[in-house]
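Novice: So that we are looking at the same thing, I have put the structure below in structure tokens.
The values are calculated or read from the model by the stated rules, or taken from the named source; none is laboratory data. Predicted, not measured: the structure shown is a model, and the values here were computed from it. We place every Cβ from the backbone using ideal geometry, glycine too, and count neighbours over all the protein chains shown. Areas reflect the complete protein model, heavy atoms only, side chains present, ligands, DNA and RNA absent. Shrake-Rupley method; radii C 1.70, N 1.55, O 1.52, S 1.80 Å.
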Amino acid sequence: MLVFATETSCDETSICVMEDDKIIEHITFSQEIHVSHGGVVPELASRSHLEKIQNITNSLFFKKNINLNDIDVFAATCGPGLIGSLLVGSTFTKSLAVSLQKPFIPINHLEGHILSTSFNNNIEFPQLVLLLTGGHTQIYLMKEENRLELLGESIDDAIGEAFDKTAKLLGLPYPGGVEIEKKAVNGNEEAFILPKPLLKDQSFNFSFSGIKTHINLLTKKNKIDEKFVSDLSASFQRNMSQILIEKLDQVITKLNNIKITSISIVGGVSNNLYLRSKLENYFANRDIEIYYPLKEMMADNAAMIAWACMKFYNEKNSDLFFKPNPRLKVRSVL
Ligand code: ZN
């Protein structure tokens, strides 16, 4: 089966052609237009998708010598995300499906991330899924392959957002996550004690917006020099890793009647090597295997959308009238 998928939920214009379990071609264009604004500007994002998507699609089909008619199924991200951006990708992909009279499968962006590790790993269940992105921070329990239970999530800023906002307060360029990681290498991670909101809470939810407020106060009280930026970046990363590990530990303790065998760590923030090493240390002694997606399936990408379509494709799921939804929820049964 040959799938053509698009992903335009935020600021990456991404397309992929996948044949069964093989990526034939995958192109992701990261919009740089937002850098000078210090964050994603929704209107600019949708215009940029519109300018780019047709060109990269043409070049993909030309380069791989594929005829549009060869595509069996079309799939696109239909939420959650920025509505203007979702509309561009989903309408473009639906139009191709209509013109060729082929099925169109709407895909939930978060389900794409969640399923991404099953492309390159043999997943053992029950597993936990830790989703770390610019828009979401969530912990799921996957008792079996297509059953999902949301255990907890951030009630305000997502983890990637917290990284970006902290970077902005420290005068670092957007996207800030990578900049924080670079600065932290030379910093003293014990220099600042930062808050850990909701840590003693009975839920498995996160809250990150108070940390940003605390850092804002620190930047007003201190001179923002190289040492301050490095020390604060290191302390911030350490604080985030401790919050994640503490919450996961609470989850594992509370679910003690379920033998968790693995955890999938997905989403763009899972590229952070410091967070990874801390999580790996924690899980190493607990007989819990960690799965990561392929590097090209970590940040926002169309390959995970193609894979989600491939995994659960059924002609009955074709829906040309599916309305993109900026707050689309993950299903409990996929
Ligand atoms: Zn994402």
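Novice: List every residue pair whose Cβ atoms sit under 7 Å apart, with the two residues 6 or more apart in sequence or on different chains, where the first one lies in the stretch 88-108 and is touching a residue at least 24 places away in the same chain (Cβ under 8 Å) and over 19 Å from ASN314 (Cα atoms) and the second, anywhere, is outside any loop (DSSP other than H, G, I, E, B) and among the β-branched types (Val, Ile, Thr).
Specialist: Matching pairs, first to second residue: VAL88/ILE53; GLY89/THR6; GLY89/ILE53; GLY89/THR77; PHE92/THR6; PHE92/ILE53.
Novice: Can you tell me which residue among ASP249, ASP201, ASP231 is out of contact with any Cys (no Cβ under 9 Å at 6 or more places or on another chain) and farther than 25 Å from ILE139 by Cα?
Specialist: Checking each option against the conditions leaves just ASP231.
Novice: Among the numbered conditions (1) surrounded by fewer than 19 Cβ atoms within 10 Å (Cβ to Cβ); (2) touching a helix residue (DSSP H, G or I) at 6+ places or on another chain (Cβ under 8 Å); (3) of a type in the set (Phe, Trp, Tyr), tell me where PHE62 comes up short.
Specialist: Status for PHE62: all satisfied but (2).
Novice: I need a count of the residues in the stretch 21-39 that are more than 18 Å from the chain's Cα centre (by Cα), open to solvent by 10 Å² or more (accessible area, probe 1.4 Å) and closer than 19 Å to PRO175 by Cα.
Specialist: Number of matching residues: 6.
Novice: Could I ask something else about it? On the given criteria, is VAL129 open to solvent by less than 10 Å² (accessible area, probe 1.4 Å) and out of contact with any Lys or Arg (no Cβ under 8 Å at 6 or more places or on another chain)?
Specialist: So VAL129 passes the test.
Novice: In this structure, is ILE290 open to solvent by less than 40 Å² (accessible area, probe 1.4 Å) and either modelled with pLDDT of 95 or more or not basic (Lys, Arg) (or both)?
Specialist: yes
Novice: How about the stretch 2-20: which of its residues are open to solvent by 40 Å² or more (accessible area, probe 1.4 Å) and either outside any loop (DSSP other than H, G, I, E, B) or at pLDDT below 95 (or both)?
Specialist: Listed by number, the list holds a single entry, GLU19.
Novice: Look through the stretch 203-238, keep the residues that are under 26 Å from the mean Cα position of the chain (by Cα) and not in a helix (DSSP H, G or I), and return whichever of them is farthest from ASP249 (Cα to Cα).
Specialist: Within the stretch 203-238, the match that is farthest from ASP249 (Cα to Cα) is PHE208.
Novice: For a quick check of your reading: which helices (runs of 4 or more DSSP H) sit entirely within the stretch 81-190 and have at least 3 residues that are within 16 Å of the ligand (Cβ to nearest atom)?
Specialist: Ranges flagged: 83-100, 109-115, 159-169.
Novice: While we're on this one: Being over 16 Å from PHE236 (Cβ atoms) and open to solvent by 10 Å² or more (accessible area, probe 1.4 Å) is the filter here; which residues of the stretch 261-275 pass it?
Specialist: THR261, GLY268, ASN271
Novice: Consider the stretch 267-301. How many of its residues are in a loop (DSSP other than H, G, I, E, B) and within 16 Å of the ligand (Cβ to nearest atom)?
Specialist: 9
Novice: Look through the stretch 293-308, keep the residues that are open to solvent by 20 Å² or more (accessible area, probe 1.4 Å) and not acidic (Asp, Glu), and return whichever of them is nearest to LEU131 (Cα to Cα).
Specialist: This residue is ALA299.
Novice: Same structure, new question: Select from the stretch 138-160 the residues that are at pLDDT below 95 and under 17 Å from LEU194 (Cα atoms) and list them in ascending order.
Specialist: Those that are at pLDDT below 95 and under 17 Å from LEU194 (Cα atoms): none in the stretch 138-160.
A quick yes/no check of all residues on (1) farther than 23 Å from LEU334 by Cβ; (2) out of contact with any Pro (no Cβ under 9 Å at 6 or more places or on another chain); (3) open to solvent by less than 20 Å² (accessible area, probe 1.4 Å):
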| position | (1), (2), (3) |
| --- | --- |
| LEU44 | yes, yes, no |
| GLY89 | no, no, yes |
| LEU100 | yes, yes, no |
| ASN122 | no, yes, no |
